[in-house]
Amino acid sequence: MTYCVGLLLGEGMVLLSDTRTNAGLDNISTYRKMFTFEEPGERVIAIMTAGSLSVTQTTIARLREAIEDPDADQETSIMRAPTLLKVAEIVGNMLASVRKEIGDKMNAMRQSASASMIVAGQRKGGAMRLFLIYPEGNFIEATEDAPFLQIGEHKYGKPILDRVVRPETSLQDAQKAVLLSMDSTLRSNLSVGMPLDLCVIERDACRVSLRRRIEAGDEQFRAMSDAWSQALRDGFTQIPI
């Protein structure tokens, strides 16, 4: 499993993913699940992935191949698409196609393969947008009423996001929120693991404003985790029955 979360805020977008992939307790590996595509000042696109590694890696590889194709156009390349909605459609169509292709092969062995993705970005002159792409290729979009999207093992990290994340949340507080959301998930599910990839995209920058890899043993992350645990314990003891 994995856990990825994306926030759409007034000041920009904050994205966080883990890197653990496992095929059983004795087969655990680290694979990047966040991918960014930039033409600084013109457009920025970030994609996070969850699910079958064969599906997600093939999908990302084919999206890259389409970008590099000299005959690429607005219908095939996410870096030429006229809108972020069109980007979501291209990614969705590619994911659905790859899933079906690999799924047909897996079915012969009575196995299944599926995946989902979060697509975030902005093009010059356009609005920031955040989409969750389902395995079938259809998608939903984050809104002011629902300013965050999650994929993978999301249930442990959702409560804090529900309570604190609003469109007016600052990028600084948003980073804290996604990291504590991830911390809750790491503590409750062994299939999610470090290192973590954090990405911040400021509104209208059309580039990645902050990129951070958080390794196991990171002192800043550990201090935040310890402080959150202590705050929860203190709050619990202070609540009357």
Extension reserve of the Arg222-Asp204 stretch, reckoned as 0.36 nm per residue once the Cα distance is removed: 3.3 nm
Which far-off residues, 5 or more places away or on another chain, put their amide H under 5 Å from the one on Gly193, with H placed in the peptide plane? Thr19, Arg20
For the cross-link pairs Lys124/Lys158; Lys105/Lys158; Lys33/Lys155; Lys33/Lys86; Lys100/Lys155; Lys155/Lys176, which exceed 25 Å when the distance is taken from alpha carbon to alpha carbon? Lys124/Lys158; Lys105/Lys158; Lys100/Lys155
What is the gain in length, in nm to one decimal, between Glu42 and Ser112 on full extension, counting 0.36 nm per residue of separation less the C-alpha to C-alpha distance? 21.3 nm
Label Leu190 and Ala231 with points 7 Å out from Cα along Cα→Cβ: what is the distance between them in nm? 2.9 nm
Tell me, what ³J(HN,Hα) does each residue in segment 84-91 have, in order and in whole Hz, if you take phi through Karplus 6.51 cos²θ - 1.76 cosθ + 1.60 with θ = phi - 60° and put x for Gly and Pro? 5, 4, 5, 4, 4, 5, 4, 5
Neighbouring Cβ atoms within 10 Å as the yardstick, rank Phe236, Phe148, Phe221 fewest first. Phe236, Phe221, Phe148
Rounded to whole Hz, the Karplus (6.51, -1.76, 1.60) HN-Hα couplings of segment 137-142, x for glycine and proline: x, 7, 8, 10, 10, 5
Pairs of alpha-carbon atoms within less than 8 angstrom and 6+ residues apart define the contacts here; what relative contact order does the chain have, in percent? 28 percent
Derived scalar couplings ³J(HN,Hα) [segment 146-157; Karplus, 6.51 cos²θ - 1.76 cosθ + 1.60; whole Hz; x for Gly, Pro]: 9, x, 9, 10, 9, 9, x, 7, 9, 5, 6, x
Under a plain spin-label model, where a point goes 7 Å from the Cα along Cα-to-Cβ, how far apart in nm are Lys105 and Glu144? 4.7 nm
Spacing of the two label points (7 Å from each Cα toward its C-beta) at Lys155 and Arg211, in nm: 3.5 nm
If you average over every viewing direction, what projected area does the convex hull of the Cα atoms of the chain give, in nm²? 14.9 nm²
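No value in this document is a laboratory result; all are computed from the given coordinates. Worth saying up front: this structure is predicted, and the values here are computed from it rather than measured. Every residue, glycine among them, receives a Cβ derived from its backbone with ideal geometry; neighbour counts consider all protein chains shown.
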